[in-house]
1. Between the alpha-carbon centers of region 151-209 and region 257-280, tell me the distance in whole angstrom.
2. In nm, to one decimal, how far is the modelled label at GLU39 from the one at HIS6, with both set 7 Å along Cα→Cβ?
3. Setting aside same-chain residues fewer than 8 positions from LYS17, which aspartates and glutamates have a Cα under 14 Å from its Cα?
4. Accessible area of the chain with a 1.4 Å probe: how many percent of it is carbon plus sulfur?
5. So what does TYR19 come to for accessible area, using a 1.4 Å probe and Å² rounded to 10?
6. Roughly how many whole Å is it from the C-alpha centroid of region 302-344 to that of region 15-30?
7. So which trypsin sites (Lys or Arg not before Pro) in region 72-173 pass both tests, a DSSP loop state and at most 15 other Cβ atoms within 10 Å of the Cβ?
8. Based solely on its DSSP helices, what 222 nm [θ] is calculated for the chain when runs of n ≥ 4 H residues each add -39,500 (n - 2.57) and the sum is averaged over all residues, nearest 500 deg cm²/dmol?
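The values are calculated or read from the model by the stated rules, or taken from the named source; none is laboratory data. All of these numbers come straight from a predicted model, not from anything done at the bench. Don't worry about glycine lacking a Cβ; one is built from the backbone with ideal geometry, like all the others, and counts go over all protein chains shown. Accessible surface areas use protein heavy atoms only, side chains included; no ligands, DNA or RNA. Shrake-Rupley method; radii C 1.70, N 1.55, O 1.52, S 1.80 Å.
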Amino acid sequence: INKQSHRKDEHVSLAIKFYNDNSNAGFDQIRFIHQGVPEISVSDVDYSTSFDGINMNVPFYIEAMTGGSSYTKKLNEKLARIAKKTGLAMATGSQSVALKDSSESSSFEIVRNTNPDGIIFSNIGSSVDPTNAQKAIEMMNSDALEVHINTPQELIMPEGDRDFYWLDNIKNIVNAIDKPVIVKEVGFGMAKETIAKLTDIGVKNINISGNGGTNFARIENYRRKHQELSYLDNWGQSTVESLFEAYAFSDDVNILASGGIRTPLDIVKSLSLGAKAVGMAAPILYSLIKNGEDATVEMIEEYKNGIKVIMTMLGARNISDLKKQKLILSSDLLAYLKQRGITY
Ligand code: FNR
């Protein structure tokens, strides 16, 4: 087993080892107002969503995790089957490994083979050139391409990148690729300065993937012998903070949320803060590995039901109704917004 494939297996086992059902992504800092006479039936609720030509029947999806080894090929096959049974879109983990070593391609191709009609997102790092970006899409005939930005992860990984001149390359990818391109964090969140730089080069879809869920600073530190950089374990902006950072941009670019999404309430709060769709990674992997495929399908069905329950209580017939909800913010969050000059 080569080094990169071994790393993919380690990411899975460490994400499971550190998995926590209670996220720290800031969702407890916002509350809805209960509506006692919502004048709606559960059957009136339509939670379908769309962005940049991608139409999702369900507003959450399986976020980028894995592929690139024989173990993760099996996981990708199971995740693809779960996506097919539940109608969820699914992103794979970074295909960079398969672009370097074509013998690893099958661990991604299996996702399309298992779910021929599903919505599938490719995933690559920000230094992959446009030609290889196109190859990543063709590998799974994907519907969109995620390009991840992950400087803390790279820097904490001893074998990671040390050069971070990414913007020109991202711009070239956006210009060369005729499918939707989503620039995505990996759990460190985004500030409005980052989002402005990305929108300036023509990025149309941004996943702010904030901290509070799977923590790649912690995972990569654990992979180091002495965990020398563990003081960086809380680096980044939470998912809720990042959604507020993104709020002013949400009319011009499609904002997606991920990072520490652990309940249907987290999903609905993300949607009401302007997210067009919401990605979940570790909870689905954890459920698959601990409880199996059928239990995970059941869990996802419960999530769908939970979203409908909350939307019904709020009297929200669709996602745009959700965006009109008034939210109550904690004083900590208000202080953050004040210091950041964010009005809401
Ligand atoms: C990830 N994530 C990720 N993201 C990405 O863009 N490319 C990748 O290759 C990976 N690999 C990966 C492996 C594993 C095992 C996990 C759990 C996650 C990050 C993921 O897409 C997401 O941004 C974060 O995990 C935060 O979401 P959760 O896990 O808190 O729901």
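1. Cα centroid to Cα centroid, the span is 20 Å.
2. 6.5
3. By straight Cα distance, LYS17 reaches ASP9, GLU220.
4. Carbon and sulfur together cover 46 percent of it.
5. 40
6. Cα centres, region 302-344 to region 15-30: 18 Å.
7. ARG162
8. -13000 deg cm²/dmol
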